[in-house]
1. Among the residues of the range 10-29, write down those that are of a type outside the set (S, T, N, Q) and touching a strand residue (DSSP E or B) at 6+ places or on another chain (Cβ under 6 Å).
2. As an exercise: evaluate LYS74 against (1) surrounded by 11 or more Cβ atoms within 10 Å (Cβ to Cβ); (2) away from the ligand (no atom under 16 Å from the Cβ); (3) at pLDDT below 85 and give the number of the one condition it does not meet.
3. Please go through the range 14-27 and pick out each residue that is touching a Phe, Trp or Tyr at 6+ places or on another chain (Cβ under 9 Å) and either in contact (Cβ under 8 Å) with a residue 40 or more places away in the chain or small (Gly, Ala, Ser) (or both).
4. List pairs: first in the range 28-43 and farther than 19 Å from ALA11 by Cα, second among the aliphatic types (A, V, I, L, M), Cβ under 7 Å, 6+ apart or cross-chain?
5. Within the bounds of the range 58-71, is there any residue that is surrounded by 10 or more Cβ atoms within 10 Å (Cβ to Cβ), over 22 Å from THR13 (Cβ atoms), at pLDDT below 85 and in contact with a helix residue (DSSP H, G or I) (Cβ under 9 Å, 6 or more places away or on another chain)?
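The values are calculated or read from the model by the stated rules, or taken from the named source; none is laboratory data. These numbers were taken from a predicted model, which means no experiment stands behind them. Because the Cβ atoms are built from the backbone with ideal geometry, glycine has one as well, and the counts that use them run over all protein chains shown.
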Amino acid sequence: MKAGIHPDYKATTITCVCGNVIETRSTKKDIKIEICSNCHPFMTGKQKIIDTAGRVEKFKRKYAPKAETATPTKKTTKKA
Ligand SMILES: [Zn+2]
């Protein structure tokens, strides 16, 4: 290896939110992840929604019955 051009490649740990800790080597230090091979639905066989960008929430809000606080339409605000 040529000196001075390679980043530091050190031992580090990858910590998953499920509590699984994987020891590996990386240029990054203390990596945190949301899903790993230990808790991924493919491995556990359980149904789990992986919501990375709040898409499930967005969908629920969009198709939920209209709340009372919704902005009134022109018909309801019409004055006599
Ligand atoms: Zn995990």
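1. Hits for the range 10-29 are ALA11, ILE14, CYS16, VAL21, ILE22, GLU23, ARG25, LYS29.
2. In the conditions (1) surrounded by 11 or more Cβ atoms within 10 Å (Cβ to Cβ); (2) away from the ligand (no atom under 16 Å from the Cβ); (3) at pLDDT below 85, LYS74 misses (1) alone.
3. SER26
4. Pairs found: GLU34/VAL17; ILE35/ILE50; SER37/MET43.
5. no
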